[in-house]
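Here's the structure we're looking at; comments come further down.
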Amino acid sequence: MNKKPELRGRAARLARLFPTGSGQAARTPFVLLVVLLLGGGLIGLLVLNSALSEGSFQLDDLQKDTKSLTDEEQALQRDVDAYSAPDALQRRARELGMVPGGDPAFLNPDGTVRGVPSAAAEQSSVYVPVIRPPEALATEPAGTSPEPTPTATGLPAPTGTPEPASGTAGQPTPTSTIPGR
């Protein structure tokens, strides 16, 4: 009784296009495909999240390094500024025995001299306090005076050199040599 009527003509041709059978597709392959897609998506998100976290940690480390290097650069720039200040340059020049120059004379292109040259001025007896860099103050033992005592000429004696004897006041005092300067 459940027999389908036989189709003819156009209906028969269309009926051949549709599958004959139970009418339900197999569900197992479709379920496996959906589970694999969902699992692959979750694993992909986990890998992406891990890569972003690692990148943020590296960014944080690089920012800390940048901050410490910037601080070091600023400290070095302060040291350079302290050493190149006019009073520091003048102090170092006096320690080396240099004196201010006299009036200069200039040569014109035709070979004539313009100006009257004069000799360098003698060292004055004005006491110039020694300004030391911060690292030199930290290495001095407690109880020592940071200011050197003036010599017979009125200038401070270079650090590390003994005072001249009374019989050698007219002779120059030997200065200590610092390697690399």
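Just so it is clear, none of the values below were taken in a lab; they were calculated from the coordinates. Worth saying up front: this structure is predicted, and the values here are computed from it rather than measured. Here Cβ is always computed from backbone atoms with ideal geometry, including for glycine, and neighbour counts include all displayed protein chains.
Along the three principal axes, how long is the stretch 32-75 when you take its alpha carbons, biggest first, rounded to the nearest angstrom?
Computed over the Cα atoms, the extents are 65, 6, 5 Å.
Work out, step by step, the length gained on full extension between Glu6 and Arg78: first 0.36 nm times the residue separation, then minus their alpha carbon distance; give nm to one decimal.
Between Glu6 and Arg78, full extension yields 15.7 nm more.
Which FRET efficiency, nearest 0.05, do Leu32 and Leu52 yield, Cβ-Cβ r, R0 41 Å?
0.85
Which percent of Cα pairs goes in each bin when the distances of the stretch 11-97 are cut into 5 angstrom slices starting at zero?
P(r) over the stretch 11-97, rounded to whole percents: 3, 10, 6, 8, 6, 6, 7, 5, 6, 5, 5, 4, 4, 4, 4, 3, 3, 3, 2, 2, 2, 2, 1, 0, 0.
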